[in-house]
Amino acid sequence: MLEIKKQVVELSPEEVMELEQIITDKDLKGAFQLAKKIYRKIFASQQSKLKSHLESPDPVGSFQEINKEV
């Protein structure tokens, strides 16, 4: 699942041309294929950045440590 935030996606000249053709031809199948390609780019860029707190060695202990009253 993607993190919902602003995202910059770099398109190659070929992808820009493909986008132009999709708009000109009103190509729904091509639009869907390009959308999937863009989705995969965003997913790949975010994959290494998204971390779950449950992935830590001791999720309960780290939660308790963070929320310990001083």
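Remarks
- Among the listed pairs K6/K41; K6/K36; K5/K36; K5/K29; K5/K41, those beyond 21 Å (Cα-Cα): K5/K29
- Stretching E20 away from R40 to a fully extended chain increases their span by 5.2 nm, per 0.36 nm per residue minus the current alpha-carbon distance.
Values quoted throughout were computed directly from the atomic coordinates according to the rules given, and no laboratory measurement underlies them. The structure presented is a predicted model; accordingly, all values stated were derived computationally and were not measured.
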